[in-house]
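Here is the structure we will look at, set down as structure tokens.
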Amino acid sequence: MKKINKLLITMIIFTFLSPNFSNLANAHDRWLISSKPFAKINDLVPVEFCVGHGFESEAAPSEWWLTDFYLLDPDGIVSKLEFNFDRDKQKSALSKFKANKEGIYIIYSVAENIYWVRTHDNKYIQFKDKIEIDKSQIKRTFIGWQYSKTFIRVGKTKRGDYDKSVGGLIEIIPLKDPTNLKVGEYLPIKVLSNGKNTNWNVGVVALYKGFKGEKWAYSYFSEYPGVIYIKEGIGKDPYFKIPIDKKGFWFIKAFRMMDREVLSEKKYGEHDEYFFEATITFYVK
């Protein structure tokens, strides 16, 4: 129980990346996933965009319509994907693509400068790029950047298929083919910002489908959870090794912890809460 409590305390720090805690919806995990992670040439591959925890989608996030979705094929060609979502019938946003090349496809999502406003009558309203509401109605403001990836393998993989950078304010790059992992191995990852190494204080958690821990517990969490406020430039590379100890679907999430640049220098504007988050999913045979 002591171990679980320590993990849950760590997740409180990770989940609420702000000087003030809240139960805002951005505390939920978001991910892309396919029920066909290993496809054949010319297969039609389904993809879901989910929000929830432990691979259980509670409801597609209301900001899914503020998110752009892309497909990076094995030859490095990027195309846009369209997702659909019916709030009354679905718990995830859905799409599909035809896998007409051999190698690894990376499906990824980009949600940048997403704003939440909490009004004085406790309503939450979302905006992209700028807040468009009478300031007298605003009680609190929030801003976030969120990115997700999933990896689909078609036939044989090619060298460098899996570690292409697609950019973004925070990004997880696997340093080993995530579609070719075996139980007992490690998946090394690095966390980038706009395609470059960063000196941010980064937290990482991981979870496999079927993990029996309490809600908001994870099967892995990084060794240095950090604190709510930490100085920029900690001098430690955002590099992690995730132990792969179960077959099936895996989820990894990286966070930026709050620091001087965000809280004191207000680089991203003056808001009550901020979040910077990237996730990846893959399947271990």
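The values are calculated or read from the model by the stated rules, or taken from the named source; none is laboratory data. Treat the numbers as computed from the prediction; the structure is a model and nothing was measured. No Cβ is skipped: glycine too gets one built from the backbone with ideal geometry, and neighbour counts run over all protein chains shown. Ligands, DNA and RNA are stripped out before the accessible areas are found, and what is left, the full protein with its side chains, is counted by its heavy atoms. Shrake-Rupley method; radii C 1.70, N 1.55, O 1.52, S 1.80 Å.
At pLDDT 95 or above and open to solvent by 10 Å² or more (accessible area, probe 1.4 Å): is that true of E48 in this structure? Against the criterion (at pLDDT 95 or above and open to solvent by 10 Å² or more (accessible area, probe 1.4 Å)), E48 qualifies.
Just one of (1) modelled with pLDDT of 95 or more; (2) open to solvent by less than 40 Å² (accessible area, probe 1.4 Å) fails for P61. It is (1).
All told, L187 meets the bar of being more than 19 Å from R30 (Cα to Cα), touching a helix residue (DSSP H, G or I) at 6+ places or on another chain (Cβ under 7 Å), modelled with pLDDT of 90 or more and of a type outside the set (V, I, T).
For region 69-88, enumerate the residues that are in contact (Cβ under 8 Å) with a residue 40 or more places away in the chain, open to solvent by less than 40 Å² (accessible area, probe 1.4 Å) and not in a loop (DSSP other than H, G, I, E, B). If the condition is that a residue be in contact (Cβ under 8 Å) with a residue 40 or more places away in the chain, open to solvent by less than 40 Å² (accessible area, probe 1.4 Å) and not in a loop (DSSP other than H, G, I, E, B), then F69, L72 are the ones that fit. Of all residues in region 241-285, those satisfying the criterion of being over 30 Å from Y162 (Cα atoms) and not in a loop (DSSP other than H, G, I, E, B) are D259, R260, E261, V262, L263, E273. For region 46-74, which residues satisfy the criterion of being among the charged types (D, E, K, R) and in contact with a Gly (Cβ under 7 Å, 6 or more places away or on another chain)? Result: E58, single match. Within region 247-267, the set of residues being of a type outside the set (A, V, I, L, M, F, W, C) and at pLDDT 90 or above comprises K247, G248, K253.
Selection over region 249-282 of residues that are open to solvent by 10 Å² or more (accessible area, probe 1.4 Å) and touching a helix residue (DSSP H, G or I) at 6+ places or on another chain (Cβ under 7 Å) gives a count of 3. Residues in region 200-246 that are among the hydroxyl-bearing types (S, T, Y), at pLDDT 75 or above and open to solvent by 40 Å² or more (accessible area, probe 1.4 Å): 2 in all. Cβ-Cβ contacts under 7 Å between residues 6 or more apart (or on different chains), taken from a first residue in region 35-47 that is β-branched (V, I, T) to a second residue that is assigned to a loop (DSSP other than H, G, I, E, B), are listed as I41/N100; I41/E102; I41/G155; V45/S34; V45/K36; V47/S34.
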